[in-house]
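Q: Shown below is the structure under consideration.
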Amino acid sequence: DNVPFSDTVNGKAQGIDADLARAIAEKLKVKLDLRVVDAGENVDGDLRLNLWKGDLAGSPLADLMLHVPTDRQLALRNDQVFFTAPYFEQEIAFAYHKGDLEGFDKLDDIGDKTVALEGTSAADLMLLTAQGGRFRGNLKHYKNFDEAAKAYLAGEAPILAGTRAAIEAALFAAKASRDDNPIATVPSSGLVKTHWEIGGAVKTDSRDLAYAVADAVAALNTDGRLKAICETYGVTYTAPKGY
């Protein structure tokens, strides 16, 4: 349930991360055993359950986990794992119906308009806390981003908030015009990160694997395959800064 990065359709994993995992395995010349797992309460728990300790049911541990935020404090808290080089930059963004707004350069441009978004998401927390909670009354919450995107596309809200990748994928899947639905990013001085990088993680004693994965991803970036994977889902590949 993390479109466009990972989802299960007809029993098969698909998405940017699923395709990237297949490409990494191909580069490393190993057989892929791909598992799509549900996110827990926090990333620390996800790392514990899937990489180094496991669960009470004795599920096998993974050698590599993708879609892990690259964050110094997270790394310091989790010395049982080692983080690979990041492969994608995420950011909070907004899509809007061009006929309803003249432009979207700052949060103030929301005005009295309704914003569709997933509850308890990063975009939700950013808007709930921005400018002392000024925009709380503008927010229309949905249980997941897919429902928020469908409501926006149906005209139930003139603004859609989420990650840029999720918004681009939703517009692409619906064949919605990008000219009529511009995507904007706006500055925010709140406590919530509006940009973050995602990469992978391995057990701390598997650093040789982390370096090999980093080399594989770098090669996929150089030959354009990583960009092509993203474009399959209508997503603009955004490389991490300095990558």
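The values are calculated or read from the model by the stated rules, or taken from the named source; none is laboratory data. All figures in this text were calculated on a predicted structure; none of them were measured in a lab. Ideal geometry is used to build each Cβ from the backbone, glycine not excepted, and the neighbour counts take in all protein chains shown. Side chains are part of the model used for accessible areas, which takes the heavy atoms of the whole protein and leaves out ligands, DNA and RNA. Shrake-Rupley method; radii C 1.70, N 1.55, O 1.52, S 1.80 Å.
Q: Just the number, please: carbon plus sulfur as a percent of the accessible area of the stretch 114-175, 1.4 Å probe, no ligands or DNA/RNA counted. Before the final figure, lay out the partial values.
A: Values: 1420 of 2760 Å².
C and S atoms contribute 51 percent here.
Q: How big is the stretch 1-122 by Rg and Dmax over its Cα atoms, in Å?
A: 18.4, 55
Q: Then there's this: Is there a pair in K150/K193; K27/K203; K98/K150; K29/K241; K29/K203; K106/K143 whose C-alpha atoms are over 23 Å apart, and which pairs would that be? Please list the in-between numbers first.
A: Values: K150/K193 25 Å; K27/K203 20 Å; K98/K150 17 Å; K29/K241 29 Å; K29/K203 20 Å; K106/K143 26 Å.
Too far apart for the 23 Å limit: K150/K193; K29/K241; K106/K143.
Q: So how far apart, in nm, are the two label points at A218 and L56 if each is 7 Å from Cα heading toward Cβ?
A: Here the answer is 4.4 nm between the modelled labels.
Q: Can you compute the FRET efficiency between A154 and D208 using 1/(1 + (r/R0)^6), with r the Cβ-Cβ distance and R0 = 51 Å? Round to the nearest 0.05.
A: Values: r = 50 Å, r/R0 = 0.98.
With R0 = 51 Å, the Cβ-Cβ based efficiency is 0.55.
Q: Next question. If the reach is capped at under 12 angstrom between alpha carbons, list the aspartates and glutamates near K140, excluding any in the same chain fewer than eight residues apart.
A: Hits, sequence-local ones excluded: E118, D124, E156.
Q: If we sort 1-9, 193-201 on the protection proxy, mean other Cβ atoms within 10 Å, highest first, what's the order?
A: Values: 1-9: 17.0, 193-201: 20.0.
Final packing ranking: 193-201, 1-9.
Q: Still on this structure: At a Förster radius of 30 Å, what calculated FRET efficiency corresponds to the Cβ-Cβ distance of D1 and E102, to the nearest 0.05? Before the final figure, lay out the partial values.
A: Details: r = 35 Å, r/R0 = 1.16.
Between D1 and E102 the formula returns 0.30.
Q: Now for a different question. How many angstrom separate the Cα center of the stretch 162-218 from the Cα center of the stretch 1-22?
A: Centre-to-centre distance over Cα atoms comes out at 14 Å.
Q: Further question on the same structure: How long is the gain from E26 to L191 if the chain were fully straight, where each residue apart is worth 0.36 nm and the alpha carbon distance is subtracted?
A: Numbers: separation 165, 0.36 × 165 = 59.40 nm, distance 3.99 nm.
My answer for the length gained is 55.4 nm.
Q: Any idea what the relative contact order of the stretch 7-72 is, in percent, if you count C-alpha pairs under 8 Å spaced at least 6 apart? Walk me through the numbers on the way to the answer.
A: Details: 37 pairs, mean separation 15.1, N = 66.
Dividing the mean separation by the residue count of the stretch 7-72 yields 23 percent.
Q: List, largest first, the extents of the alpha carbons of the stretch 38-77 along their principal axes, each in whole Å.
A: 30, 20, 18
Q: Report the full-extension gain for the segment T129 to D79: residue separation times 0.36 nm, less the Cα-Cα distance, to one decimal in nm. Don't skip to the answer; put the middle values down first.
A: Working: separation 50, 0.36 × 50 = 18.00 nm, distance 3.15 nm.
Between T129 and D79, full extension yields an extra 14.9 nm.
Q: Under the √(5λ) rule applied to the eigenvalues of the Cα gyration tensor, what semi-axes describe the equivalent ellipsoid of the chain? Give them in Å, descending.
A: On the way: eigenvalues 215, 78, 56 Å².
In descending order, the three semi-axes are 33, 20, 17 Å.
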